[in-house]
Structures are given as structure tokens and as C-alpha cells.
Amino acid sequence: MVCCAVSWSGLVFAGGQSRRMGRDKALLEVGGVTLLQRAVTLVRSAGGTPMVVGRRRPPEQVAGARQIDEVSRSGRPACGPLMGLRWGLADCGTDLAVALACDLPFMTADLIHHLIALSEGVDAVVPHCGGFPHVLAAAYTSECLPAIDRRLAAEQRAVHGLLDDLKVRFVEEDELTRFGGARLLENINTPADLARANAAVELEEG
């Protein structure tokens, strides 16, 4: 695996409520490996330093990655991804970070490298697929922090809304084709999604 020369961090978001799944999605297994561990391993294999954003978990669940504990930071869980992005960008120690939801089992290092390669001169690089931006499969620079702080101060907590305040390079669907297409951004929200993902992985590995 060829790694990027740019120093970057991978912010793995694992603090969602998993309401549609009914249990903690981060600990669900695809191909015999939890979604959270797959995401952390992907960041490492792509040359980044992983940091898990969410509630504090045992080290073995996060494969030894650093953690940002939203409860100790705020006094309550589920503060939302914009706050998590703010903490991650401020604490990761690099000027560039890739925000990655933990439930994207088909994301690849090649696409991550592409996002990073496009980050020079912009605040964020965001895939745009299926009619909307995938803000938790995107690259952000530390230049985003002032805009995030303004949004949070105004109680505007949607990451999608943040994009209005940033210089963004969108990666459109046709550009994604050479990396694997829209499938890379398929996430897991329901038991049916999980079953399909496991079937796909079994077919690929078979």
C-alpha cells in the first residue's frame, strides 16, 4: 500500500445512537471484524493516525487508537458530529483530517488518498453522491475551525450547513467511478444493510 506523503489524521466517528439498528453499530461485524476496527485499520493502512470520536471505549474495541470522549468533554453523550469534528481537528495534531463514519465498510484507501490529494487550497474535500454531500467521508483542514466555532456559537450543529461557510472541493459521482463508485459510500443503518454488506464481503473474499 502506497501511503500519502502528507501527514494526516483519521477521525473515526463512532458515537451515533444506532436507532434504526437497535444496537451499537460500531461493534457489528462485517467479514468477522467490527465496523469500528475496520475503520481504524483502514486509516492506518492508508497512512493516517486514527482517532476515535465518541463515547469512551475499551482499548481493544478501538484497536488501540486515541480517543476523544464526548462525555468527558461535554458532560453528555451524542453531542453531534460537528462538535466531534471540532474536537478532532483541534486535538489531532495535524492540519488535515479525514472524517470517517465507522459504518462505511466499503471505503478504500485509494479514495481517502484522492480526497487528501485534492485538499491543497481548499478547506474541505467532500464526496457528492446520490444527491447530497457525504460529510463523514470527507477531508477537512484546520482552517475550518473558525467557521465551526461560529456555527456552534449560533447553535447551528449540522455539518452539512457548515459547508456553506467553507471553500469546498466536491468530488462528484462520475469522479468516484474510478475508485469504485457510489458503493464506497454505502453505510450500514439497518439489519438488512448489515446482511447485504456481509454477503458482499463473503462473495469478494470467496
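The values are calculated or read from the model by the stated rules, or taken from the named source; none is laboratory data. This structure is a prediction, so every number in the text was calculated from the model and none was measured. All Cβ positions, even for glycine, are placed from backbone atoms using ideal geometry, and neighbour counts span all protein chains on display.
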Handout entry: Criterion (in contact with an Asp or Glu (Cβ under 8 Å, 6 or more places away or on another chain) and closer than 30 Å to GLU205 by Cβ) met by exactly one of LEU115, LEU111, LEU136, LEU104
Key = LEU104
Exercise for the section: Working only within the stretch 35-56, note down all residues that are outside any helix (DSSP H, G or I) and crowded, with 18+ Cβ neighbours inside 10 Å. Expected result: ALA46, GLY47, GLY48, PRO50, MET51, VAL52, VAL53, GLY54
Problem - Residues of the stretch 1-23 satisfying the condition of being at pLDDT 85 or above and closer than 17 Å to LEU136 by Cβ - result: TRP8, SER9, GLY10, LEU11, VAL12, PHE13, ALA14
Handout entry: Filtered residues of the stretch 136-160 (kept if in a helix (DSSP H, G or I), out of contact with any helix residue (DSSP H, G or I) (no Cβ under 7 Å at 6 or more places or on another chain) and small (Gly, Ala, Ser))
Key = ALA153
Practice task
Would you mind stating whether ALA63 is at pLDDT 90 or above and touching a His at 6+ places or on another chain (Cβ under 7 Å)?
Solution key: no
Exercise for the section: Report the residue count in the stretch 107-135 for those that are aliphatic (A, V, I, L, M) and assigned to a loop (DSSP other than H, G, I, E, B). Expected result: 4
Exercise for the section: Go through the stretch 66-81 and give me each residue that's surrounded by 19 or more Cβ atoms within 10 Å (Cβ to Cβ) and at pLDDT 90 or above. Expected result: GLN67, PRO81
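Go through the stretch 91-128 and give me each residue that's out of contact with any Cys (no Cβ under 6 Å at 6 or more places or on another chain) and closer than 18 Å to ALA158 by Cα.
Listed by number, the residues that qualify are VAL98, ALA99, LEU100, ALA101, ALA124, VAL125, VAL126, PRO127, HIS128.
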Fill in the blank from the handout: Per the filter on the stretch 128-171, residues modelled with pLDDT under 95, farther than 20 Å from PHE13 by Cα and of a type outside the set (A, V, I, L, M, F, W, C) are GLY130, GLY131, GLU155
Practice task
Could you please find all residues in the stretch 161-171 being part of a helix (DSSP H, G or I) and of a type in the set (A, V, I, L, M)?
Solution key: LEU162, LEU163
Problem - Within the stretch 115-146, tally of residues that are of a type in the set (Gly, Ala, Ser) and surrounded by fewer than 17 Cβ atoms within 10 Å (Cβ to Cβ) - result: 5
Exercise for the section: Could you pull out the residue among LEU89, LEU82, LEU104, LEU100 that is in a loop (DSSP other than H, G, I, E, B), under 15 Å from the mean Cα position of the chain (by Cα) and under 22 Å from GLY161 (Cβ atoms)? Expected result: LEU104
